[in-house]
Amino acid sequence: MKNILLSITLCFFVQISFAQNGKNSSKGKSGKAHQNHKMENKKMLRHVVLFKFKDNATADDVKKVEDAFRDLPKKIKQIVGYEWGLNNSPENLNQGFTHCFFLTFHSEEDRAIYLPHPDHKAFGAVLGPFLDKVLVVDYWVKE
């Protein structure tokens, strides 16, 4: 319970910090901070994917999956934003999920093109032999 309360408190302070930095940095009429603020105001659909790999997946197997996922934005134009990372939370609440991939689409129609896209299906074939579990959450960005 202490970990949950600590996490909620930390998230609250981080959000306040980002909000204050965003207000201060977007006052100017030029520069990257202003452009990022403009991007944040656009309607964006986020597609969050978490992977838990099988225990017998080697480092080379996992690297193959990472590289294949990294190539998708070059192949599927509907992906307008992409980032990924490895879990490093000290809370130990990840339930074995180690990889988080974060894609952005402008619309549900773009996501509907992405999901059955041949390059996405080919990625699934690379991933399949090494995947234990997957968790997917999609949401519209709210301010």
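Which residues, taken from the stretch 112-140, are open to solvent by 50 Å² or more (accessible area, probe 1.4 Å) and either under 18 Å from the mean Cα position of the chain (by Cα) or at positive phi (or both)?
Within the stretch 112-140, Ala112, Leu115, Lys133, Val134, Leu135, Val136, Val137, Asp138, Tyr139, Trp140 qualify.
Determine whether Glu109 is modelled with pLDDT under 95 and open to solvent by 70 Å² or more (accessible area, probe 1.4 Å).
Details: modelled with pLDDT under 95: no; open to solvent by 70 Å² or more (accessible area, probe 1.4 Å): yes.
In short, no.
Checking the conditions here, which among Leu45, Leu86 is touching a strand residue (DSSP E or B) at 6+ places or on another chain (Cβ under 7 Å) and surrounded by 14 or more Cβ atoms within 10 Å (Cβ to Cβ)? Spell out how you get there, then give the answer.
Numbers: Leu86 fails: surrounded by 14 or more Cβ atoms within 10 Å (Cβ to Cβ).
Only one candidate passes the filter, namely Leu45.
Within the stretch 64-85, identify whether any single residue is in contact with a Cys (Cβ under 8 Å, 6 or more places away or on another chain) and without any contact (Cβ under 8 Å) to a residue 24 or more places away in the chain, and answer yes or no.
Kept after step one, since they are in contact with a Cys (Cβ under 8 Å, 6 or more places away or on another chain), are these residues of the stretch 64-85: 84-85.
With the extra rule that they be without any contact (Cβ under 8 Å) to a residue 24 or more places away in the chain, the set shrinks to 84-85.
Looking for residues that are in contact with a Cys (Cβ under 8 Å, 6 or more places away or on another chain) and without any contact (Cβ under 8 Å) to a residue 24 or more places away in the chain, one finds at least one in the stretch 64-85, hence yes.
Against the definition (assigned to a helix (DSSP H, G or I) and hydrophobic (A, V, I, L, M, F, W, C)), how does Ala125 come out, yes or no?
On the way: assigned to a helix (DSSP H, G or I): yes; hydrophobic (A, V, I, L, M, F, W, C): yes.
Yes, satisfied.
The values are calculated or read from the model by the stated rules, or taken from the named source; none is laboratory data. Owing to the predicted nature of the structure, the values given are computational and were not obtained by experimental measurement. Glycine also receives a Cβ, built like all others from the backbone with ideal geometry; neighbour counts cover every protein chain displayed. For the accessible areas, the whole protein counts, side chains as well, though only heavy atoms, and no ligand, DNA or RNA atoms are used. Shrake-Rupley method; radii C 1.70, N 1.55, O 1.52, S 1.80 Å.
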